[in-house]
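Read the figures in this text as sums done on the coordinates, not as results from a lab. Every value quoted in this text rests on a predicted model; they were computed, and no experiment measured them. Heads up, the Cβs are rebuilt from the backbone with ideal geometry, glycines too, and the neighbour counts pull from every protein chain shown.
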Amino acid sequence: MGNVDLEVLKSNVSDYTLQNDDLNKILESLKESIIANGNLLMDANKEDVKVSKKQIKIKKMLQIVDKYKDVEFTPQNSQKIIIYKGDPYVTLHVCLQALTRKTKVILLHEAFMTGVNQILMSILKNIFSKKNVQNLIYEKNDYSFDDIKKINGFVKDIVIIGDTSIYQLLDKENISSKFYSYNNIGLYCEAEDLIKLQEAIYIYANENHYEIEILYVDSVQDAIEKINTDRFKNTAILLTKSTENKGLFEKSIKNMDVYVNDNPFKEELGRIYNYL
């Protein structure tokens, strides 16, 4: 596993408890630190944007932190491997869920948004350590499949967020894991003169580590059936000039974010779950 010390990964989380007042103080300190390091985060994002087009917003990070105010402390005293694409917003969510559940998380992700993620991890670890929360988070952004198998030797719980290819690899190896969709898109275009828009959406999605599948089926009804039976998708897009098919698509797609002739990237895609 390269320069990774397995003993560090095996180290126990420091013993701590959190009352609502304690948690809220940590969250306020975290918000203050994010604001204080805002310029560093945005400068790092400028470097990341040279590779992908994803741009972070400090305001969005602060909103995420606020979601965890007054969350009940429910310690699990466990360890979990979290595999995801590297979206910094997911990083923040998972780390705060780890804090409130006293669950050690080993974050494995692609070399995506590495600058922002490194600064964010430094901020989180610094704030946590001041409250005697140690060894809660480990992060690696250039992992291999062999790394997963090595860590899985002592951490049995694997959570995959959005990365279907890793899920399929683990499944072939009979390694159990739990999958949550995030930024997993199904797109159907039924209007020939909207193909260029389909291509633009596809290119943007790939540049920003969204998993997108263009559906080559015969009808809107076929697309609806395919999307509704795909448990890995959380976002459905239809490009059409038919008012009737627009209504049918919006009415028939179940438990997903639906976009018809609309920009799906106006807001951050991906529903957040209790991953731990």
For segment 147-159 the number of residues that are among the charged types (D, E, K, R) and outside any helix (DSSP H, G or I) is 2
Being free of Cβ contacts under 8 Å to residues at least 40 places away in the same chain and polar (S, T, N, Q) is the filter; apply it to segment 241-260 and report the residue that is farthest from I161 (Cα to Cα).
T243
Going through segment 54-76 in order, the residues found to be farther than 30 Å from I203 by Cα and in a loop (DSSP other than H, G, I, E, B) are K67, Y68, K69, D70, V71, E72, F73, T74, P75, Q76
All conditions in (1) buried (at least 16 other Cβ atoms within 10 Å of the Cβ); (2) in contact (Cβ under 8 Å) with a residue 60 or more places away in the chain are true of E207 except (1)
When only residues in segment 92-135 that are of a type in the set (D, E, K, R) and not in a loop (DSSP other than H, G, I, E, B) count, which is nearest to D48 (Cα to Cα)?
K125
Say we look at segment 160-194 and pick out the residues that are part of a helix (DSSP H, G or I) and closer than 16 Å to Y84 by Cβ; which of these is nearest to the chain's Cα centre (by Cα)?
T164
Qualifying positions in segment 77-91 - part of a helix (DSSP H, G or I) and more than 9 Å from the chain's Cα centre (by Cα)
none
Scanning segment 214-265 residue by residue, those of a type in the set (F, W, Y) and part of a loop (DSSP other than H, G, I, E, B) turn out to be Y216, F232, F265
